[in-house]
Amino acid sequence: MKVDVIIPTYKPNDTFCLLLQKLQEQTFLIHRVLILNTEETLWKKAVETYPIEECLNALSCSYSVYHLGKEEFDHGGTRLFGAGQSEADVLLFMTQDAVPADEFLVEQLVKGLTDENTAVAYARQLPREDCSIVERYTRQFNYPDMSRKKGKEDIPVLGIKTFFCSDVCAAYRRSLFEKLGGFETPVIFNEDMFFAAKAVREGYYVYYAAEAKVIHSHNYSIGQQFHRNFDLAVSQKQHPEIFRQISSEAEGMKLVKSTVKYLCSIGKLYLIFQLGMQCVGKYTGYLMGKHYEKLSRKQILRYTMNRDYWVKLWKEADNQRHEI
């Protein structure tokens, strides 16, 4: 199968260069790399600072760079545009900070799509060296070392985790991607999870490929956790068909309890306070996002990570009112 790698970028840096180098080392030959860059001027500055062009030219496959304005970026729409520029059998979406852990990443993801009824296979995320203890455990909790194929029959056991998928590194079978309508657009967050939920509801499968590994983690501040979970809750509020009957809060509580137990087992009791503060930031943002319709536009812009999404949404809504 032909595989195209599609990577949205914004202010790419040396980690992006390392990603490109690791793609060159893959055992499975990549057909093409498509880069969807936000803000051309920032790309030019990055190229002057980092050896990005050298890394691109070192690829054994062809590549293309597409530029769009910051106001044009959309989590679903931008990736959907990238898919439209590809003719490959497999669309491998990655983020610019996800670095393949070894040379078998693409090979293992393609292997995860062996079953023709599997719509998407996503990779295991391993922590970076600078990852905090709490975030390191969160990676382990969300990305265990056992692969699993998830379908409709798993909902009673896995709950919301049945639909879990991450475009940090995920390979989509093109035929099913198109059949199911691709990513939703516009979307503030979770385009990967919404597609996975749609696939499962239609009788297809999502495959977690634990053998396909990327290095990817963040040490978010409490404020960043607040903003991220605000957008997460907004996306869930906008999709009651998924989240009305399957709660994501139960999975969140399971993670908190498991993390506390882990911290006690390794004698890091002092980190429980840090975990508690993170939980306050996460849940406060989540509650605000759940009730975003009651907030003013000014409040929403203060709470969100994706200001351009709201500006674009409100502009379209205002234009429609004027037309009426």
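The values are calculated or read from the model by the stated rules, or taken from the named source; none is laboratory data. Note that the structure is a prediction, hence the values are computed from the model and not measured. Methodologically, a virtual Cβ is constructed for each residue, glycine included, from the backbone with ideal geometry; neighbour enumeration extends over all protein chains shown. Ligands, DNA and RNA are stripped out before the accessible areas are found, and what is left, the full protein with its side chains, is counted by its heavy atoms. Shrake-Rupley method; radii C 1.70, N 1.55, O 1.52, S 1.80 Å.
Some notes on this structure:
- Going through (1) open to solvent by less than 70 Å² (accessible area, probe 1.4 Å); (2) modelled with pLDDT under 95 one by one, THR78 falls short only on (2).
- If you go through region 29-55 and pick out every residue that is of a type in the set (A, V, I, L, M, F, W, C), surrounded by fewer than 17 Cβ atoms within 10 Å (Cβ to Cβ) and under 25 Å from ASP102 (Cβ atoms), you end up with 1.
- Qualifying residue in region 113-134 (condition: in a loop (DSSP other than H, G, I, E, B), of a type in the set (Ser, Thr, Tyr), in contact (Cβ under 8 Å) with a residue 12 or more places away in the chain and out of contact with any strand residue (DSSP E or B) (no Cβ under 8 Å at 6 or more places or on another chain)): yes
- Only one of the listed residues (THR38, THR27) is of a type in the set (Ser, Thr, Tyr) and within 22 Å of the chain's Cα centre (by Cα). That residue is THR38.
- Residue selected from region 304-324 under the condition in a helix (DSSP H, G or I) and open to solvent by 90 Å² or more (accessible area, probe 1.4 Å), by the criterion modelled with the highest pLDDT: ARG307
- When VAL106, VAL110 are screened for being assigned to a helix (DSSP H, G or I), farther than 28 Å from PRO240 by Cβ, touching a residue at least 24 places away in the same chain (Cβ under 8 Å) and open to solvent by less than 10 Å² (accessible area, probe 1.4 Å), only VAL106 passes.
- Lone unmet requirement of (1) in contact with a Phe, Trp or Tyr (Cβ under 7 Å, 6 or more places away or on another chain); (2) surrounded by fewer than 19 Cβ atoms within 10 Å (Cβ to Cβ); (3) at pLDDT below 95 for GLN245: (1)
- In region 196-232, the residue that is nearest to LYS150 (Cα to Cα) out of those that are among the acidic types (Asp, Glu) and open to solvent by 10 Å² or more (accessible area, probe 1.4 Å) is GLU202.
- Qualifying positions in region 142-157 - part of a helix (DSSP H, G or I) and open to solvent by 40 Å² or more (accessible area, probe 1.4 Å): LYS152, GLU153, ILE155, PRO156, VAL157
- Residue tally, condition open to solvent by 10 Å² or more (accessible area, probe 1.4 Å) and more than 17 Å from the chain's Cα centre (by Cα), over region 1-14: 5
- Scanning region 185-195 for residues that are at pLDDT 95 or above and more than 25 Å from PHE16 (Cα to Cα), we see that the one that is surrounded by the most Cβ atoms within 10 Å (Cβ to Cβ) is PHE195.
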